[in-house]
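Below is one structure; the comments refer to it alone.
The values are calculated or read from the model by the stated rules, or taken from the named source; none is laboratory data. This is a predicted model, so every value here is computed, not measured. Note: ideal-geometry Cβ built from the backbone for every residue, glycine included; neighbour counts use all protein chains shown. Accessible surface is based on the protein model in full, side chains and every heavy atom, while ligands, DNA and RNA are left aside. Shrake-Rupley method; radii C 1.70, N 1.55, O 1.52, S 1.80 Å.
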Amino acid sequence: MKKKSYITLAILSPLVLLGLWIAVSHSGLVRPVILPSPQAVLSSLASMALQGYSGVSLSEHVLASLTRVGVAFAGGSALGVAVGLLRARSSAADALLLVPGEMLRPIPPLGLIPLFILWFGIGETSKILLIGLSVFLIMMVNSQSGARSVPADLLRAAQTCGASRMQIFRHVVLPAALPQIMTGLRVALGMALSILVASELLGGDRGLGFVVLDAANFFRTTYVFAGVILIGAIGLVSDRLIAWLARRIVHWEGRR
Amino acid sequence: MKKKSYITLAILSPLVLLGLWIAVSHSGLVRPVILPSPQAVLSSLASMALQGYSGVSLSEHVLASLTRVGVAFAGGSALGVAVGLLRARSSAADALLLVPGEMLRPIPPLGLIPLFILWFGIGETSKILLIGLSVFLIMMVNSQSGARSVPADLLRAAQTCGASRMQIFRHVVLPAALPQIMTGLRVALGMALSILVASELLGGDRGLGFVVLDAANFFRTTYVFAGVILIGAIGLVSDRLIAWLARRIVHWEGRR
Amino acid sequence: MILAETPAATSAGRRPQRLARPALRFDSVGLSYDGRPVLADISFSMQRGELISVLGPSGCGKTTMLNIAAGFLRPTSGVALVNDREIVGPGPDRGVVFQSYALFDWMTVAQNIIFSLTCAGRPEAERRETASRMAELVGLAGFESAYPYQLSGGMRQRCGLARVLAANPSVMLMDEPFAAVDVQTRETLQEEILRIRRQTQCSVMFITHSIDEAVFLSDRVFLMRKGQLGRFDEFRIDLPEPRESAENRLHPSYLAVREEIYRAMREDGH
Amino acid sequence: MILAETPAATSAGRRPQRLARPALRFDSVGLSYDGRPVLADISFSMQRGELISVLGPSGCGKTTMLNIAAGFLRPTSGVALVNDREIVGPGPDRGVVFQSYALFDWMTVAQNIIFSLTCAGRPEAERRETASRMAELVGLAGFESAYPYQLSGGMRQRCGLARVLAANPSVMLMDEPFAAVDVQTRETLQEEILRIRRQTQCSVMFITHSIDEAVFLSDRVFLMRKGQLGRFDEFRIDLPEPRESAENRLHPSYLAVREEIYRAMREDGH
Amino acid sequence: AWSQPRDLRIGFQTAEVNVLLSYATRNGLFEQQGLNVTLVPFPAGPAMLPALASREIDMGWMGEFPSVTGYANGIELEVLMMERLDFTNIRLVASPSAGATLQDLKGKRIGATVGSSSHYHLLQALQQAGLSQSDVTVVNLSPANMPAAYSAGQIDAAMTWEPNIGAIEKEGGKVLATTRSLGMITGGVWVMQKSLAAERRETLLAFLRAWRQAQVDYAADPAKVRAAEASRLGMSPGDFDALVVRQSVSHPTLEEQLTADFMGEPGKELDSRLMKHLQGIGDFLAGQKRIEALPSDWRGLFNTSPIVEVLGR
Ligand SMILES: Nc1ncnc2c1ncn2[C@@H]1O[C@H](COP(=O)(O)OP(=O)(O)OP(=O)(O)O)[C@@H](O)[C@H]1O
Ligand SMILES: Nc1ncnc2c1ncn2[C@@H]1O[C@H](COP(=O)(O)OP(=O)(O)OP(=O)(O)O)[C@@H](O)[C@H]1O
Ligand SMILES: NCCS(=O)(=O)O
Ligand SMILES: [Mg+2]
Ligand SMILES: [Mg+2]
């Protein structure tokens, strides 16, 4: 399929969904409280863009969320990759981290919120740690699996070239794990954004998560939709960015 | 490292953490409201095991949660793998699903709860769909990336053997994507369990998520811990099960 | 020694021809990787039942040419045809022995060998029979249930060969199929290929670095040259039937062509 | 033709010896994969500066033996030593040319070649100089910045060879290093290896399927047999220095040993 | 962690009606007292307890029900005052098809926020109607999720407070019970860290002075004071006035706090009506096994000394 028709289809598909949404909400089959019309959502979006929400401008909300997610994502993934690769190559490290790591993963962010409030307060620290923890855990699993798939011969080749443990990490294990790491980054980014709302349960008066929660509290469904769509759009753009980077960085993938 | 010393370390590490926990909570440095002692948590766990929680036996809580997660996990991952592989091999399918798929991923389960209530009610359907959706989205990304890493020569070999599109899926793309699919399953299972609590915000009076939420509402920190530890333990056991299966199924990984 | 000729000039093959149309035909084929040309203006045709070997220095474009015939690469210019239809992609009419083996790591040796039969939905009994016959043929008897990563390099290569022989396609494209195989096995398999070719009238394009192998096997040998974008010299070989008889290896005409090719190569070296 | 001998019996090599201790020694080495024995009771030693070729049918255990010498596999019984120290793992004292090439897909040809220099923290200038010298040597000049997946099979193999030559280890273990390379290049590289061996007094264990190659290169040839768990016959070769001179290929003693090995192989075939 | 001495972190509920708080913040009453106030939002009272326990907020506004939960669980908190008294703010609203009396609720699905005042109200209502908890299905929802659940027909009735209960009525729900009809009392209390009164008394007194000013302003010009909260809720003044009327709300003065109807005279707190009410909640919680044990000493729950000091008594 040509690039052009790919893009056409990719643009067409959300437009069709939008059309469906318009049709359904105008048919009168569904009450607006259940499914507000796209126009209503759009006008809430516009009003947010022009007048802000709850006294804070839209750009500030977006910026607050992006900062949180950005810091948590960067920190969480750097640490996750390091620990995951370490676990893959050192069975002592793997054994030590096995039970704490794997028990931590299924623990619900919502269940952690009270604890995070208790331990880290309700400021930025708590929010960033909550998001960062999820990112960390996902990246740990993905990097570890990625590192496990390194062909044995490549490790052997590196050893006969006199590579130290660190050099093997840096030059062999890390690049070989990159395809799975990039996948992990995409999953983790979606996760980070989706935990944003939960994290903004941890107090604060700005951020897209705050907007969604606050609007939900007042049953302002159009604003909930608007906030959710904004989060989705940020996700889409950043996902494409990572996917594009992945294709450039992991240029050798599938080329054999 | 020998298997035996691996197991020793793996058992030792949580014991050390437990020891630390006991030490900290006995040192008086941290107030019990912030970090209850392990003994207190254990006694809550015991009381749940013996008398149940909120009139429902512990086994019923566990069973309710396991059923939800089990159904959602099975359904979500089957669909996610199918769609992910399809997207990897058909650029038309990929283009169509790109925007809706990638916009859906970052959307917070918490933001979806009001909509799920409106659309699917507060019964099992809603809960299972909420968990299943997350599983589906993670599996879609992982399978798609996994399928993208199939060496070109293998696809070519299959085509010259006269394999149909479906046969290529079944015999080449799926197995080649299995390492990343298995990683995805591990991440998705953690995710499914961690969304359990959010899903049980959708009403209901049983399930471990319900226990955690209810206990948090009455500030019964020891029960929150007990519930969270149970979820973590379920996660640990099922993760090890998947990892063990993965090693048996993907026996060829890293063998070259 | 004749320079690459037009398809028409080649069409009078040595072997009795069943069909006038060639099994494989390249018509002014050119190919570039990211703008860097590797092949330019390549034309030839291969008759049904013919076996052509391609010799040439490493990196001169042999695999690239075979990939075009297999339908893995589309020519940047010109056209490639199989049985007079333009090649638009891979198909079961053309079996390929890959230079990289391209075995399915998740299938046993037997499953790899009979993959084309599985795809065609052949009955279990036939598949089992073919698997053991082919494993026997390539010397993998006893390894039917081993996985590729449990095989030595040469065993892997023979597994890839057996997979193509089992599919029994009308055109076989073999990329250095015996590179990792010992002399003894190699000779046996060479004879096997000639026997199969005689029985099934399949056409074979065979890439090798061994002049002996090329001369023993082929009706024609293409000798590619370094940095000539795939231009090749052509050598015809006429040896008595049955071609697979070991005596042919000492036949004067065998020795003469071998010498001729060897000299042409040397010449090229300077 | 002598059966596998004790280390002591081998110690009187043809080449003047600098050190009494052998570069590589196997002492009753045995190896099983999942309980299936592949090698049993293998003993030999290789002197410093010696070049030993290993011939044998596909699947007889050549790569396995080399993997033990490289430290990739631990023997199930017996002991393998390099410079009189037990081999417990891979090390930069032993360079390996892999049958599977084992190139790093994410590094350019130049980066692959100089990987050992990068690891040793050699200065940029030296790395650059080595990269282009080695690329030139193996015929990859102009491809320094290509990635492995942009190379032909033979080019990949030569890249793997260059990586080991650049590391300049005291023991080189080469697993069919010229299998995918054309005759011309092959001969050049054979001569190159002999030259390097003379200059650096490195020891080489060389696996090949070509009797000619084995005889031209080696001080001794080990001929493994099918189903004998790695037992081998040994052939000594004495050819005038400089070994790399092309005339040796026509030397009577070369032709004699070649014939002898060929006959031993045939014998084995029946 | 204390920051500047005049910093004050106040927890409030987003899905509640905070007339005086919104007015005081938006009109600079706290600044006038030299305070630097940070408002920290929470969906309902129970979620505020961890923040109090970890001293992440200095004080918070919540229903009296979760304040007892917190005190009984050993959080070092004190009730500063009963900020608000409302008799019809919390209402049980059912869809017309679900029936007209409490008894009709048998077998129905009722939304409530577990751990909050509405949960307590619901259980009391069932008891009065002669129903047991197992006769109905209690659906735990945050107030904000209730109108959605009701609209979608997922619950037959809801017990919660303004503004969400009003939204359900707008969807056609009919009132079956209120605080008043159940013969209960409820409202909002200001709870605070014990250390606030003990260690940062000036800050606390400044807060009380600002609060007093807000009460005075409200009596003088209700429309002006209400404007701030109406705008936070995105409601017109008219709609908001109607909402306040539906609440039947009053804001006891600081003087009234020191009467037996509220916190009691200093020294006689244990005999006050509010204390008895809270102890009743404690008994209820213990009976429901929601707390392990009753507080051994209720005296620590009230601290009337700051009000005494502000009033200059
Ligand atoms: N990882 C493995 N697991 C199990 N069996 C193996 C493994 N690797 C090799 N073998 C078996 O060991 C035997 C010897 O293999 P090896 O690779 O040493 O042969 P070789 O002499 O190098 O052959 P070739 O010339 O084909 O490369 C073969 O029978 C092979 O099936
Ligand atoms: N995927 C690719 N991208 C870019 N260049 C490529 C690619 N594949 C091959 N080439 C280049 O094309 C040329 C011919 O490669 P090809 O594989 O056809 O050689 P070959 O004749 O088969 O060599 P060999 O005998 O070593 O297998 C080489 O110079 C190689 O670098
Ligand atoms: N309206 C009071 C709400 S709560 O503090 O009891 O949750
Ligand atoms: Mg090639
Ligand atoms: Mg081998």
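Exactly which chymotrypsin sites (Phe, Trp or Tyr not before Pro) in segment E:35-101 are in a DSSP loop and have at most 14 other Cβ atoms within 10 Å? Could you put the intermediate results ahead of the total?
Numbers: sites: E:61, E:71, E:87; in loops: E:87.
Sparse-neighbourhood loop chymotrypsin sites (Phe, Trp or Tyr not before Pro): none present.
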At a 1.4 Å probe, what is the % contribution of carbon and sulfur to the accessible area of segment A:34-253?
70
What's the center-to-center distance, using Cα atoms, between segment E:111-136 and segment E:51-103 in Å?
14
Between copies, how far apart are the residue C:136 label points? List them in nm, one decimal, shortest first, with each point 7 Å from Cα toward Cβ, please?
5.7
How many Cβ atoms of partner chains, on average, are near each residue of B:229-238 if near means within 10 Å of its Cβ?
4
Report the label-to-label distance for residue D:198 and residue C:32 in nanometres (one decimal), using points 7 Å from each Cα along the Cα→Cβ vector.
4.6
Per-residue accessible area, 1.4 Å probe, largest first, puts A:213, C:24 in the order A:213, C:24
Residue E:170: which aspartates and glutamates have alpha carbons under 14 Å from its alpha carbon, excluding same-chain residues fewer than 8 sequence positions away?
E:162, E:239
Are there any helices in chain E, counted as whole DSSP H runs, that stretch 27 Å or more along their axis by Cα and score at least -0.5 on average by Kyte-Doolittle, and if so which?
E:201-220
Given a cut-off of 31 Å, name the pairs among E:106/E:289; B:3/B:127; E:194/E:224 whose C-alpha atoms lie farther apart than that in the structure shown.
B:3/B:127; E:194/E:224
Shielding of A:5-12 by other chains, given as the mean Cβ count within 10 Å, works out to 4
Can you give the accessible area of residue C:76, probe radius 1.4 Å, in Å² rounded to 10?
90
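Working from the alpha-carbon coordinates of chain C, get Rg over Rh, Rh being the Kirkwood radius. Show your work: numbers first, answer last.
Working: Rg = 18.2 Å, Rh = 19.0 Å.
Here Rg/Rh amounts to 0.96.
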Name the aspartates and glutamates eligible as straight-distance cross-link partners of residue B:2: C-alpha to C-alpha under 15 Å, and not fewer than 8 places from it in the same chain.
A:94
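Would you mind classifying chain B by shape? Square roots of the alpha carbon gyration tensor eigenvalues, ordered a ≥ b ≥ c; an a/c under 1.5 is rounded, otherwise it is prolate if a/b is larger than b/c and oblate if not.
Working: a/c = 2.80, a/b = 1.58, b/c = 1.77.
Oblate, since a/c reaches 1.5 and b/c is not below a/b.
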Treating the point 7 Å from Cα along Cα-beta-carbon as the label, what are the nm separations from residue D:241 to the other copies, to one decimal?
5.8
What are the lysines whose alpha-carbon lies under 16 Å from the alpha-carbon of residue D:62, with same-chain residues fewer than 8 places away excluded?
D:226
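Given the rule -39500 (n - 2.57) for each run of at least 4 DSSP H residues, summed and divided by the residues of chain C, what is its mean residue ellipticity at 222 nm, to the nearest 500 deg cm²/dmol? Walk me through the numbers on the way to the answer.
Values: 9 runs with 95 residues, N = 270.
It comes out at -10500 deg cm²/dmol, rounded to the nearest 500.
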I need the phi-derived Karplus couplings for segment C:129-136: 6.51 cos²θ - 1.76 cosθ + 1.60, θ = phi - 60°, integer Hz, Gly and Pro marked x.
4, 4, 4, 6, 5, 5, 4, 4
Tell me, which residues of segment D:227-270 get at least 40 Å² less accessible area when the other protein chains come in, versus the chain alone (1.4 Å probe)?
D:265, D:266
Ellipticity estimate at 222 nm from DSSP helix runs (n ≥ 4, -39,500 (n - 2.57)) divided over chain E, nearest 500:
-11000 deg cm²/dmol
Would you please classify the overall shape of segment E:215-313 from the alpha carbon gyration tensor, given that a ≥ b ≥ c denote the square roots of the eigenvalues, rounded means a/c under 1.5, and beyond that prolate means a/b larger than b/c while oblate covers the rest?
oblate
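Provide a whole-number value for the mean count of partner chain Cβ atoms within 10 Å of the Cβ atoms in peptide D:132-141. Could you put the intermediate results ahead of the total?
On the way: counts 0, 0, 0, 0, 0, 0, 1, 4, 2, 0.
Average per residue, whole number: 1.
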Contact order normalised by residue count of chain D, Cα under 8 Å, 6+ apart, percent
24
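At 222 nm, what helix-only mean residue ellipticity would chain A give, in deg cm²/dmol to the nearest 500, using -39500 (n - 2.57) for each DSSP H run of four or more? Don't skip to the answer; put the middle values down first.
Values: 11 runs with 200 residues, N = 256.
It comes out at -26500 deg cm²/dmol, rounded to the nearest 500.
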If you count only protein heavy atoms with a 1.4 Å probe, what accessible area per residue comes out for chain D, rounded to a whole Å²?
38
With a 1.4 Å probe on protein heavy atoms only, work out how much accessible surface A and B bury together, total over both chains, in Å² to the nearest 100.
6100
If ligands, DNA and RNA are left out, what is the accessible area of residue A:251 with a 1.4 Å probe, given in Å² to the nearest 10?
50
Rounded to the nearest 100 Å², what is the sum over both chains of accessible area buried where B meets C, with a probe of 1.4 Å?
2100
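Based on alpha-carbon atoms only, what is the radius of gyration of chain E relative to the globular estimate 2.2 N^0.38 Å? Don't skip to the end; give the middle numbers.
Numbers: Rg = 19.1 Å, N = 313, 2.2 N^0.38 = 19.5 Å.
It is 0.98.
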Can you tell me the orientation of helix B:109-120 relative to chain B, as the angle in degrees between its alpha-carbon axis and the longest Cα principal axis, to the nearest 10?
80
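So how do C:49-62, E:124-137 stack up, highest first, on mean other-Cβ count within 10 Å? Before the final figure, lay out the partial values.
Details: C:49-62: 25.2, E:124-137: 15.6.
Sorting C:49-62, E:124-137 by mean packing, highest first, produces C:49-62, E:124-137.
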Radius of gyration and maximum dimension Dmax of the protein assembly as shown, Cα, Å:
39.6, 130
